[in-house]
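A short worksheet on the structure shown next.
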Amino acid sequence: MNFGMETELIEFKKSTGELKEGIISLASMLNKNGRGVLYFGVRNDGEIVGQQIGDRTMREISQGIANAIKPQVIPTIIIELCEDKNIIKEIMTL
């Protein structure tokens, strides 16, 4: 399965190791469109690679967003299973 291409409203990151870059992309989407979706565990070309998800993963993501984006926004964070691999989907709306 391939998620397709990134757009003005969809951003892919290979892992949460790219959290800072993902937050910058989210802020850009919110500033321009008022909404956006960020996926962790998906390469830039849309191929699913999966994401290790530990006890602290979700907390680190939500805290990273809360600390970096002002005014504060609360993301909807979902773990999805695609091709037997976990991915993280963050939905942001102003």
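The values are calculated or read from the model by the stated rules, or taken from the named source; none is laboratory data. What you see is a predicted model, and the numbers here were worked out from it, not measured in a lab. Positions of Cβ are backbone-derived with ideal geometry, glycine not excepted, and every protein chain shown enters the neighbour counts. Areas reflect the complete protein model, heavy atoms only, side chains present, ligands, DNA and RNA absent. Shrake-Rupley method; radii C 1.70, N 1.55, O 1.52, S 1.80 Å.
Figures for the structure shown
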{"quantity": "Two-decimal Rg to Rh for the chain - Kirkwood Rh, Cα set", "calculated": "0.94"}
{"quantity": "Charge dipole of the chain about the Cα centre (unit charges at C-beta), most positive-ward option of ILE65, PHE3, VAL37", "calculated": "ILE65"}
{"quantity": "Amide H within-cut-off set for GLU47, under 5 Å, with H built and near neighbours excluded", "calculated": "PHE3"}
{"quantity": "Rounded accessible area of ILE79 (nearest 10 Å², 1.4 Å probe)", "calculated": "80 Å²"}
{"quantity": "Protein-only accessible surface order, largest first, of THR57, THR93 at 1.4 Å", "calculated": "THR93, THR57"}
{"quantity": "Ellipticity estimate at 222 nm from DSSP helix runs (n ≥ 4, -39,500 (n - 2.57)) divided over the chain, nearest 500", "calculated": "-9000 deg cm²/dmol"}
{"quantity": "Net length gained if the chain between ARG43 and LEU94 were fully extended (0.36 nm per residue, minus Cα distance)", "calculated": "15.8 nm"}
{"quantity": "Between helix 57-68 and the chain: long-axis angle, C-alpha atoms, 0 to 90°, nearest 10", "calculated": "30 degrees"}
{"quantity": "Vicinal HN-Hα couplings computed from phi for region 7-22 (Karplus, 6.51 cos²θ - 1.76 cosθ + 1.60; Hz; Gly/Pro x)", "calculated": "9, 5, 10, 10, 10, 10, 10, 5, 7, 6, x, 9, 4, 4, 5, x"}
